[in-house]
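The structure appears below as structure tokens.
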Amino acid sequence: MSDVTISILLPFRNAAHNLPRSIGSLLNQSFPDFELILINDGSTDDGALIVNHFKDPRIQLINLPPSGIVKALNTAVEKSKGEFLARMDADDFAYPDRLEKQYHHLLAHPEFDVVSSKVRYVGDEKVNAGFRYYTKWNNTLLSHELMYLNRFVESPLIHPTVMIRSVIFKRYGGYLEGPFPEDYEYWLRLMDMGIRFSKLNEILLDWYDHPERLSRMDLRYNTDAFYRLKTYFFVKWLHRNYHPIPSVWIWGIGKSVHRKSHWLEEFGIQISGYIDIGYKKRYQFHHKPVVYFPYIPRDSMILSYVSDRRGRLKIRDYLLKNGYEEGRDFIMMA
């Protein structure tokens, strides 16, 4: 039996302004049986001093030279003693019953190894409309099935909301260093291995958005990094589930679609053609045929790279109404 029930993993760098809010929200949890592992990833501000102001025996501070988020997280995992691991970021706020509700959910549902929650977006909704929409969309994915079907659109759960059984890290390894977002890679890897996810239908965290957020600053979070990662796991899934590989048709045309979908050919999947909503005779895009959407070839795999959110919904609705099954005949990739 573990010495502690929950280990909270909280890496930080130059977060002195926000740490009191984050740490305070954790020390105010209704579930008291936890350790809080704070990894100081080479801060140059007073973050470490602020942590030391909290006189709570459950806090463990580990100082590292600047090493990056992956090294910081894996160090926290290595030092953890809990049966369950909970993620937290230095600028967010956990509601008082967050740990209690997630712990009891995993205890009551052994079929799930990961649980997250809905979040409340805190930021400039006009300036950062994309993050606001992403939060709203993410909050709708409340079952494993929905998260799995939408896994190639964007990350289907928000990292600082997650609690996971520690045995998963022992079985499948920790976060990986590479040219990709470490959390999204981990979710795709676990889903690829059959791990089941759940999400509580309530807000248990305030998710703060600000200009210095890592996902805005780090090249591992740019568009190419996301689509290379998505494509890698999609191709793994395709080879595992289809023999022979069906013809692949891309719904959407334009520079952004080509930029996103060209990774398919980098991973050995030939694109048969493209699907458009307009009709033109003898039309080609990057030397591949373009078909008007009512004439989609049957027995093909359709990948929608249309990033417009309303367009995505219309495409999904059209395909479902015409007998295509999501996750078998078509997949949303944007």
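Values in this text are rule-based calculations from the coordinates and carry no lab data. Note that this is a predicted model, so its numbers are computed, not measured. Please note: Cβ atoms are built from the backbone with ideal geometry, for glycine as well, and neighbour counts cover all protein chains shown.
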(message) If I take every Cα pair under 8 Å that is 6 or more residues apart in the stretch 223-332, average their sequence separation and divide by the length, what percent do I get for the relative contact order?
(response) 25
(request) Return one number: the angle in degrees, 0 to 90 and rounded to the nearest 10, between the long axis of the Cα atoms of helix 223-241 and the longest principal axis of the Cα atoms of the chain. (result) 70
(message) Of all beta bridges DSSP finds with both residues in the chain, what is the antiparallel percent, to the nearest 5?
(response) 15
(request) Place a +1 charge on the Cβ of each Lys and Arg in the chain and a -1 charge on the Cβ of each Asp and Glu, then give the dipole magnitude about the Cα centre in debye, rounded to the nearest 20. (result) 1380
(request) Give a residue-ordered list of calculated ³J(HN,Hα) values for the stretch 9-23 (Karplus: 6.51 cos²θ - 1.76 cosθ + 1.60, θ = phi - 60°; whole Hz; x for Gly, Pro). (result) 9, 9, x, 8, 8, 6, 10, 4, 5, 9, 4, x, 5, 5, 5
(request) Rank these for me by crowding, His262, His144, His243, going from fewest to most other beta carbons within 10 Å. (result) His243, His262, His144
(request) List Phe152, Phe180 from most exposed to least, where exposure is judged by having the fewest other Cβ atoms within 10 Å. (result) Phe180, Phe152
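Run the numbers on the stretch 4-218 and let me know its relative contact order in percent, using alpha-carbon pairs under 8 Å that are six or more apart. Each step should come with its number before you reach the end.
Numbers: 380 pairs, mean separation 55.6, N = 215.
Here the relative contact order equals 26 percent.
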(message) Going Cα to Cα from Lys288, which aspartates and glutamates come in below 20 Å? Please leave out same-chain ones fewer than 8 positions away.
(response) Glu265, Glu266, Asp276, Asp299
(message) Within a 10 angstrom radius of the beta carbon, how do Val257, Val167 rank from fewest other beta carbons to most?
(response) Val167, Val257
(request) Show that you can apply the helix-only estimate: for the chain, add -39,500 (n - 2.57) for every DSSP H stretch of four or more residues, divide by all residues, and state [θ] at 222 nm to the nearest 500. (result) -10500 deg cm²/dmol
(message) Compute the distance from the alpha-carbon center of the stretch 16-43 to that of the stretch 73-104, in whole Å.
(response) 9
(request) Could you work out how far the C-alpha centroid of the stretch 128-194 sits from that of the stretch 267-295, in angstrom? (result) 32
(request) Please determine, in degrees from 0 to 90 and to the nearest 10, the orientation of helix 98-108 with respect to the longest principal axis defined by the Cα atoms of the chain, where the helix direction is its Cα long axis. (result) 70
